[in-house]
Structure formats: C-alpha cells, structure tokens
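In what follows, a structure is listed as structure tokens, so that the remarks can point back to it.
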Amino acid sequence: MEKKQIAIVGAGVSGLIACKYTLEKGFDPIAFEARSSVGGVWIKTIESTNLQTPKPFYQFSDFPWPSSLTTDFPNQHQILDYIHSYASHFDLLKHIKFNSKVVGIEFEGPSDDEMKSWSSWNGDGLPFSSQGKWKVVVEETENLSTEVYQVDFVILCVGRFSDVPNIPEFPPKQGPEAFHGNVIHSMDYAAMDYESAANFVKGKRVTVVGLQKSALDIAMECTAANGVENPCTVLYKTEHWNIPDYLPWGFPLAYLYLNRFSELMVHKPGEGVFLSLLATILAPLRWASSKFVETDIKKKHRLAKYGMVPKHSFLQDISSCLISTVPEKFYDKVEEGSIILKKSESFGFCEEGILVNNETTPLKTDLVILATGFRGDKKLKDIFVSQTFQDYIAGSPSETLPLYREMVHPRIPQLAVIGFSESVSNLYTSEVRCMWLAELLDGTFKLPSIKEMEKDMKHWDEYMKRYSRKYFRRSCIGALHIWYNDQLCKDMGWNPKRKKGWFAELFEPYGPLDYAPTSKNN
C-alpha cells in the first residue's frame, strides 16, 4: 500500500516534531523550509537573546538537553545546536527541502457547496479522502523556479513570530514617511550580524517601540553602544508583569501556575458544575497567588518608582502568554538615565522624530525600532489560495482563531495547524499536539461532528476572553496547560494522569518528560 504523503510547511521546532511523529506512524512527510537551515525563529536573533523558559520546560520529551549544558537559559547558539542535534538524531534532515518557500496551497476535491453541507470534518471525520488532495506550490528561493506537489495532508507549522511584521497604523501624514530618520522593525534589526547591529545604533538617539522581550533586549543593546550620552527611549502602551526570575519570594513559579492544583482555581472551558463551583470557592486563593507574584516583581524591579505597575493581574498576563523576563540590570539602566521609559497610547511621526499622545513638542530621535510583534494570523491566512478557506481560518476579529483543539478547522479538510496557539513553553505544547495529530492520522480516533467541535471552540473562546481580556486573539493556553493536554490524552486513549501518587499529581509541576512516548499510557 502506498504511503500517504504529508506536506509540512516550515522546519522550525513544530515542523521537525511533526516530521518525526508522522514518520513514526509510517507516513511519508516532506517538509518545506524557506531558509537553508532548521530552527525557525532561532536561526536569527539579536545577540543578547536567551531562552525565556527554563530549559527543563523547553525540551523534547525523548531527547533531553546535553548534561554538559548547565545553564537554565541557553543562548541562541546553544538552542540551535540542540535543535540540530534533534533533527540529526531522528534522521529528519533527509525529509526536508531547504530554500523552498510555500507560496500557496489549494485544495482539489469536492466543491465549496458540497463541503458546506458536511456534518463531519472531511465529510466522514477521517483525515484522508480518495476525493481530495492538496496542491502545494513551492518556490525555490535560490533560482526562483516553481514546483507543484500533490499531497494527502498538510500540516502548517509557519509560526507566528516571524516573516510578517505587525506595523502600527498612524494618523494621516504622520507615518514613517514623514520622518527624516530611519524606521525599521525588530525583525530587520535581528537580521543583522551582531557587529553590524551594534554599529547601526551607535551614536544615534534610538526609540524602541514595545515592552516585550525583543524591545527590552534591543534597548539594552542600545545602552551598551551609547550609554547616557544618547539614551534609548522605550515607548510603550501598556505595562506588563515582566518577571525578574522564576522564583517569586524564593518560591518556584512552576508550583504556583504549572500544576493541577493551580488549574483548579481557574474556570475551564466546558467545565461541569463541580469544577465551576470549586474555581469560584478558590477565587480568593487565585487572587492571593497573583498578588504573591506581583509584590515580588514590584519589589525587585522597583516598579512603583518608575510608574510601571500594571493595572491588571499577573494571572491575566500569564493567561495571555505575555510573560517575559527582564534583562539583568534593565532597571539600573533606567535609574542611570541610559534608558528612558515613556508611556503613550498613540504616536505618529514628524520630521524630527515622534509625536507622542498629540504632544506639540516632538520626541527627537534618529532611529525608531518597532518591536511591535508579528502578524501570524495574516501569514496563516495568506497561504491559502481559496478565499473561502482564507475566511474560515481568519475567523471573526471578535473571536479567537477558530481551531478545534487549537489545531484543526472543522471546515478545512485534511489540514492541521501546529504552533499558532501559544503556551508558556511552545516546544512542549507543539510536541503533545504532534503526538495527538499523529494518532489522528493513524486512525486511533475520529474527530467529533462539526457542530460538536464548534461548540467546544465556543467554550474556549469564552475562556480566552474571560482571562486574557483584550489579548484573547493570542489563543494562549498558558494557565490551563494541563487541562488542555488532558483533552488530547483522552482523545488518544491515554491516561491523562501522568504522575505517580495523588500528591504528585496535584502539586508537582507538569513538563515535557511527563508526556514522553515511553510513558504514554502511564
């Protein structure tokens, strides 16, 4: 019997894991990677970038970090080495076509009208069909030639933190064209080699827009190049609970937010009466956990002194996957004046620099670096040729991205998305999802009806809006990681309880090793 061919778009962490697990099930994966190497976002970063998550939570379940690496937060080169070692160990490289950019995918099979009449995904709930195939159009980036592949299933591992920058909208005649200096995105800064980046900012008055990890790291690199003579201004819209470390008051953060007990305090999608009542009863403890972490962050960073205390809770930030670590001595640089923090609801450009909150005096600057994130939703949407599928995958701006189990759109057949929805450890999340997808492709279980999937998605949409508030489109499962994985385990017929003993099950943090293939049935 001929092997089913699986097209995997992207050879970052998610793409490599998808390749590995589909191979193990006897499929024929072919991964298309636009660049010349595996690693995704880790291929090119700024010099000071380190892993945000402690490495025990950011590792492959069956391929641990080398014992020789003792730091908990490896740098870019160490992470890339680890990812390359994984790809080599499982012999994945021969299944990857490098310098191959997927410019479009098109489904060839039943008509739109016929698919709209389906009550089950793909017509019968099965992942493959004799009636439908995907046409994958691939551009070879070195010679710009185009090749077309026909495959049985597509896995989109395109990531959400690369390629398509999120550029803010500006008032009329106040866009970057009005400014006489340079305006670049953090993506362009990261694309430079380390020496070129340092020289590019040296001697310039730099304004960095944003307050997440890239913005903070770039600001620190600017201070290293310029000091107090040319201070770097960090222009931000909302304060966040950016953490100094993972030990609030000396207590491991994982014991507060990455175990089953912590999730009992949170209302869950589609929960029953008992769990809902329990989460309500534990509301004071939920509040106290947030305050415990918040007071530690305020003290260590001296946030009140700099007017940087967020108005929302730490729980909202972790539920939105907006937690990042602050570079060491960042607030010391604020103290000495080499970093200036400036809050702004809106801004525009003029010849001399930036107009903040409609102030009449411009913020004089020579270079603006927009660390304003990426449009992963647009990248995902634009890969589809069909306008119908583009509309399906984009969903409504007032709802979360419409994916069942954060992977499958009920009305897009023979396709899955891995790596769009976030968590506190995206490698860990992607691996469990790839296990689930491999079992689905192998026929271990079937998806429920389209109506049931859409009902489940509605529950998750309500959860995201309840805890992430305005950041619900990030589709973050950070505060319900175990509950989410429980659903995947139940689908696969695995025991969702992965620990030994009730105490460990309730209070020990969950991590990648709990889902290692050797312990799948536990």
Task: Helix-only [θ]222 nm of the chain, DSSP H runs n ≥ 4, -39500 (n - 2.57) each, per residue, nearest 500 - done: -10000 deg cm²/dmol
TODO: Show which aspartates and glutamates lie in cross-link reach of Lys451 when reach means a straight Cα distance below 19 angstrom and same-chain residues fewer than eight apart are skipped.
DONE: Asp112, Asp113, Glu114, Asp124, Glu271, Asp391, Glu399, Glu406, Asp461, Glu462, Asp491
Open item on the list: Can you give me the solvent accessible area of Val9 with a 1.4 Å probe, rounded to the nearest 10 Å²?
Closed with: 10
Open item on the list: So I have (1) 50, 33, 16; (2) 37, 29, 23; (3) 55, 29, 19, and one of them is semi-axes √(5λ) of the Cα gyration tensor in Å calculated from this model. Which one is it?
Closed with: (2)
TODO: Per residue of the range 256-269, in order, report the coupling 6.51 cos²θ - 1.76 cosθ + 1.60 (Karplus, θ = phi - 60°) as ³J(HN,Hα) in whole Hz, putting x for Gly and Pro.
DONE: 9, 9, 10, 10, 5, 4, 4, 7, 5, 7, 10, 5, 10, x
Open item on the list: Which of rounded, prolate or oblate describes the range 392-449 when judged by the alpha-carbon gyration tensor and an a/c cut-off of 1.5?
Closed with: oblate
TODO: Sort the range 1-141 into rounded, prolate or oblate with this rule: let a ≥ b ≥ c be the square roots of the eigenvalues of the Cα gyration tensor; rounded if a/c is under 1.5, and if a/c is not under 1.5, prolate when a/b is larger than b/c, oblate otherwise.
DONE: prolate
Task: Solvent-accessible heavy-atom area per residue, rounded to whole Å², over the range 53-102 at 1.4 Å - done: 48
Task: Karplus 3J(HN,Hα) series, Hz, for the range 163-170 with 6.51 cos²θ - 1.76 cosθ + 1.60 (x for Gly, Pro) - done: 6, 10, x, 8, 9, x, 8, 10
Open item on the list: Please state the shape class of the range 174-317: rounded when a/c is under 1.5, otherwise prolate if a/b exceeds b/c and oblate if not, all from the C-alpha gyration tensor.
Closed with: prolate
Task: Over 25 Å between alpha carbons, listed pairs Lys44/Lys378; Lys342/Lys470; Lys20/Lys500; Lys465/Lys499 - done: Lys20/Lys500; Lys465/Lys499
- [ ] Please compute P(r) over all alpha-carbon pairs of the range 249-406, binned at 5 Å starting from zero, and give each bin as a whole-number percent.
- [x] 1, 6, 10, 12, 13, 13, 14, 13, 10, 5, 2, 0, 0
Task: Helix 283-301 axis, angle to the chain major axis (alpha carbon atoms, nearest 10°) - done: 40
Open item on the list: Run the lone-cysteine check on the chain: no other Cys C-beta under 4.7 Å from the residue's C-beta.
Closed with: Cys19, Cys157, Cys350, Cys434, Cys489
Task: Residue among Leu69, Ile30, Leu341 farthest towards the positive dipole end of the chain, charges placed on Cβ - done: Leu341
Task: Partners for Lys458 among lysines (Cα-Cα distance below 16 Å; same-chain residues under 8 apart left out) - done: Lys268
Task: Val326 long-range amide H proximity, modeled H, under 5 Å - done: Ile243
- [ ] Pairs of Cα atoms under 8 Å, at least six residues apart: use those to get the relative contact order of the range 233-314, whole percent.
- [x] 38
Open item on the list: I want the antiparallel fraction of DSSP beta bridges within the chain, as a percent rounded to 5.
Closed with: 45
Open item on the list: From the protein chains alone at 1.4 Å, what is the descending order of accessible area for Thr146, Thr233, largest first?
Closed with: Thr146, Thr233
Open item on the list: How large a share of the accessible area of the chain, in percent, is made up of carbon and sulfur atoms when the probe is 1.4 Å and the other protein chains stay in place?
Closed with: 53
Open item on the list: List the trypsin sites (Lys or Arg not before Pro) within the range 1-33 that DSSP assigns to loop and that have no more than 15 neighbouring Cβ atoms inside 10 Å.
Closed with: Lys3
Open item on the list: Test of the criteria: in the range 427-522, which chymotrypsin sites (Phe, Trp or Tyr not before Pro) are in a DSSP loop and have at most 16 other Cβ atoms within 10 angstrom of their Cβ?
Closed with: Phe445
Task: Cα long-axis angle, helix 76-89 against the chain (0 to 90 degrees, to the nearest 10) - done: 10
Task: Heavy-atom accessible area ranking, 1.4 Å probe, most first, across Ser36, Ser130 - done: Ser130, Ser36
- [ ] Return the FRET efficiency for the residue pair Leu144, Asp81: r is the Cβ-Cβ distance, R0 is 25 Å, and the value is rounded to the nearest 0.05.
- [x] 0.20
Task: Residue-by-residue Karplus 3J(HN,Hα) for the range 63-70, coefficients 6.51, -1.76, 1.60, Hz, glycine and proline x - done: 8, x, 4, x, 5, 6, 8, 9
TODO: Considering Cα pairs under 8 angstrom that are at least six residues apart, work out the relative contact order of the chain and quote it in whole percent.
DONE: 22
- [ ] With all protein chains present, calculate the accessible area of Asp81 using a 1.4 Å probe and round the result to the nearest 10 Å².
- [x] 100
Task: Added length on full extension, which subtracts the Cα-Cα distance from 0.36 nm per residue, Asn199 to Arg466 - done: 91.6 nm
Open item on the list: Exposed loop sites here are GluC sites (Glu not before Pro) in DSSP loop states with at most 12 other C-beta atoms within 10 Å. What is the longest stretch of the chain lacking them?
Closed with: 360-522
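The values are calculated or read from the model by the stated rules, or taken from the named source; none is laboratory data. Given the structure is predicted, the values throughout are model-derived calculations rather than measurements. As a convention, Cβ positions derive from the backbone with ideal geometry for all residues, glycine included, and neighbour counts pool all protein chains shown. Ligands, DNA and RNA are excluded from the accessible area calculation, which covers all protein heavy atoms including side chains. Shrake-Rupley method; radii C 1.70, N 1.55, O 1.52, S 1.80 Å.
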